[in-house]
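K.L.:
Encoded as structure tokens, here's the structure I'll be asking about.
What follows is calculated from the coordinates using simple rules that are stated; it is not laboratory data. The structure displayed is predicted, hence computed values, not measured ones. Here the Cβ is made from the backbone with ideal geometry for all residues, glycine too, and neighbour counts use every protein chain on show.
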Amino acid sequence: MSDELEALLRDHYRAAADEIHAEPATVRRFQEVGQTTGRPAAPASGVRRWGLPLLAAAVTAAVVMAVTVLLWPGRGAGRQELPRPMAPPTSTPAPGTPPGTPLPAPLPSRPAIEPSRIPDGGTSEARPSGRSGQPPSGAPLPARPKAKPSPEPTQ
Amino acid sequence: MSTQETRGAEVTFEEFVTATAGRLLRTAVFLVYDRHLAEDLLQVAYERVARRWRRVAEGNPEAYTRRVLVNLAIDENRRRARRRDTPVGSVTDVERLARASPAAGGAGGELDEVLRALPAKQRAVVVLRYWCDLSEHEIAETLGVSQGTVKSHTARAMVALRKHVREGWAHE
């Protein structure tokens with residue numbers, strides 16, 4: 001039964017197909033459609049198709065960015081930063097000691113060792129000066145002689 | 001549809017249209033049962049193919065065009081099913097249906113009516129299977145559904161057709 005039905009359908013389509021022909025005028029119309037609205041128009045069509053969604057996406061992104069910038073904590077006009085302590089209260093320096101945090105006293109043998117560890121033309125200037133938390137090229141360090149808190153050896 | 005499918009690697013779009021217009025027009029007519037609508041749908045399908053011709057030509061442009069055409073036809077059939085009161089078809093189509101050759105046991109014109117009454121996807125599956133001679137896998141790719149869906153559509157369509165054929169033979 002199934003095979004018969006399949007054969008019936010195939011015969012039916014074959015017989016009906018004999019009566020359907022694409023006239024030359026119809027074929028020419030199809031070809032002209034391809035020539036006129038086809039390949040050359042593709043970029044314009046793409047621009048037309050994606051132009052509006054792209055514009056909408058750009059506007060949305062701009063609005064989101066503006067809102068984010070305005071409402072970001074600490075950046076808005078109506079918000080102020082919480083007061084933060086600037087630094088620990090400075091103690092009165094002892095007489096005779098230079099202001100500021102003194103650097104540890106360099107070892108006497110340090111100048112003799114250091115050149116051998118740093119290659120010639122190396123990046124010794126770019127390296128931190130030994131104090132943690134101090135930017136390498138930030139505020140100038142106090143002069144070395146001033147920074148020596150160690151008393152002079154008594155002779 | 002025994003003619004070998006046209007591969008687009010070395011042909012121009014115009015040559016492709018010349019080679020495939022007849023086959024695809026028949027497919028379109030079997031899908032929508034309206035000659036003018038079939039031509040319109042095929043024209044739309046060719047337009048879409050022409051826009052992507054460079055890319056489509058590297059693969060199988062006829063299969064691509066058929067896929068576009070079948071999906072356009074399914075959409076159109078659904079649209080027409082929603083507004084059933086709108087008259088469709090033309091005089092020539094009615095004439096063709098009326099004088100369709102009674103193939104294999106006097107079921108010709110009536111078989112057309114049954115095929116026409118099938119839901120859009122079931123009819124598409126039948127056309128692709130028995131007119132285009134596509135496999136279940138190819139039909140699934142064309143329609144963008146699974147092979148299981150193709151099987152179920154085919155089975156339902158065959159039940160309706162079998163019922164019609166049995167009744168036709170019982171009347172004889």
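K.L.:
What is the sum of charges around B:Asn77, taking Lys and Arg as +1, Asp and Glu as -1, for the other residues whose C-beta is under 11 Å from the C-beta of B:Asn77? If you can, show how the numbers build up before the last one.
P.N.:
Values: positive: B:Arg78, B:Arg79, B:Arg80, B:Arg82, B:Arg116, B:Lys121, B:Arg123; negative: B:Asp34, B:Asp75, B:Glu76.
That sum, taken over residues with Cβ under 11 Å, equals +4.
K.L.:
Taking 45 Å as R0, compute the FRET efficiency from the Cβ-Cβ separation of B:Glu10 and A:Arg84 and round it to 0.05. If you can, show how the numbers build up before the last one.
P.N.:
Details: r = 75 Å, r/R0 = 1.67.
So the FRET efficiency works out to roughly 0.05.
K.L.:
Which net charge results when you count Lys and Arg as +1 and Asp and Glu as -1 among the other residues whose beta-carbon is under 14 Å from that of B:Ala160? Don't jump to the answer; show the numbers that get you there.
P.N.:
Values: positive: B:Arg116, B:Lys121, B:Arg123, B:Arg156, B:Arg162, B:Lys163, B:Arg166; negative: B:Glu110, B:Asp112, B:Glu113, B:Glu167.
Net charge around B:Ala160: +3.
K.L.:
Right, another one. With labels modelled as points extended 7 Å from the Cα through the Cβ direction, what inter-label distance (nm, one decimal) is found for B:Glu113 paired with B:Glu141?
P.N.:
Result: 3.9 nm between the two label points.
K.L.:
Let me ask something additional. Under the rule of at least 5 residues apart or a separate chain, name every residue whose amide H is placed under 5 Å from the amide H of B:Asn60.
P.N.:
Amide H neighbours of B:Asn60, under 5 Å, 5+ apart: none.
K.L.:
Suppose each label sits 7 Å from its Cα in the direction of the beta carbon; what would the A:Val47-B:Arg80 distance come out to in nanometres?
P.N.:
It is 3.9 nm.
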